[in-house]
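Accompanying notes for the structure given below.
The values are calculated or read from the model by the stated rules, or taken from the named source; none is laboratory data. These numbers come from a predicted model, not from an experiment. Ideal geometry is used to build each Cβ from the backbone, glycine not excepted, and the neighbour counts take in all protein chains shown. In case anyone asks, the SASA skips ligands and DNA or RNA and just uses the protein heavy atoms, side chains included. Shrake-Rupley method; radii C 1.70, N 1.55, O 1.52, S 1.80 Å.
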Amino acid sequence: MEQEAWRVYPHTYAFKLSNHIWKPYHYLKNISKAIAHAVSIGNGRILVNLPPRHGKSFLISKWTPIWYLDNFPDKKVLLTTYEANFASDWGYIVRNEMRDNPLCRSTLREDSTAKSGWLTDAGGGMKTAGSGGPITGKGADLIICDDLVKNSAEAGSQTYRRNLVQWFNSTLYTRLEPGATLIVLMTRWHEEDIAGHILNEHNDKWKHLNFPAICEKEQDELGRKQGE
């Protein structure tokens, strides 16, 4: 059991499978533990805000689906981003890592290899989609929304923000299986973006993990003082 303890959290899993190349920085450990807790109790809702280029996508969009499907090969993952082709790139990365890494116990079906949708031999798998568009197929036990807004121009459009909120609440939410975990990660572009909607108007109870580049509090969860 102790030898397999690295499988418990996404960050310990990623550190092991990457041969210690991926680094579990302190803020990424906090996010990883929150994800593992949400999955274990069910119905988790997590909002992650980090600056660009701080590793949030590699932890959540790459390593978390691999960790999840390796531990629960019969479950389904849905990953969405601002654009369908970009989302399918993450599906391709996750699929290839699971297929080629000898530490992965779950095996993939040889007749289901598309970047945007593939299956494990246990019946689980991963689908990807672009935000605002249709989501085909059945529901998911883990849904990841990675930067649903491409840039500040989209975020600045009131029409785009309104349509995205409507898609999030209607189309995306209908894909949540009972007990499913939903993770939204994004860089903030506008006060009324999808993160603002989640924080101020959404009915679900969300865990907000907000780590700005410079600490804005007297002391934050990372132990940083204001200005650090």
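What to note about this one:
- A Förster radius of 41 Å, combined with the Cβ-Cβ distance separating residue 166 from residue 3, puts the computed FRET efficiency at roughly 0.30.
- 3J(HN,Hα) along region 112-119: 9, 10, 5, 4, 8, x, 8, 10 Hz, from the Karplus curve 6.51 cos²θ - 1.76 cosθ + 1.60 with θ = phi - 60°, whole Hz, x for Gly and Pro.
- Portion, in percent, of the accessible area of the chain that falls on carbon or sulfur, probe 1.4 Å: 49
- Take residue 160: with every protein chain present and a 1.4 Å probe, its accessible area is about 60 Å².
- Amide hydrogen neighbours beyond the local backbone of residue 43, cut-off 5 Å, H modeled: 179, 180, 181
- Additional length obtainable on full extension of the chain from residue 192 to residue 151, 0.36 nm per residue less Cα span: 13.4 nm
- Residue by residue, region 71-79 carries 3J(HN,Hα) couplings of 8, 9, x, 8, 8, 10, 10, 10, 10 Hz when phi is fed to the Karplus relation 6.51 cos²θ - 1.76 cosθ + 1.60 (θ = phi - 60°); x denotes Gly or Pro.
- For residue 76, residues with placed amide H under 5 Å, excluding near neighbours: 125, 141, 142
- Considering only region 1-158, percent of DSSP beta bridges that pair antiparallel, nearest 5: 35
- For a paramagnetic label modelled on residue 158 (point 7 Å from Cα along Cα→Cβ), amide N atoms under 15 Å away belong, within region 185-200, to 191-193.
- Ordered from largest to smallest accessible area (heavy atoms of protein chains, 1.4 Å probe), the residues 118, 6 come out as 6, 118.
- 3J(HN,Hα) along region 190-201: 7, 5, 10, 6, 5, 5, x, 5, 4, 6, 10, 10 Hz, from the Karplus curve 6.51 cos²θ - 1.76 cosθ + 1.60 with θ = phi - 60°, whole Hz, x for Gly and Pro.
- For residue 210, distant residues with modelled amide H under 5 Å away: 49
- Solvent exposure of the chain as accessible area per residue, Å², 1.4 Å probe: 51
- Region 195-228 versus region 1-37: alpha-carbon centroid distance in Å: 22
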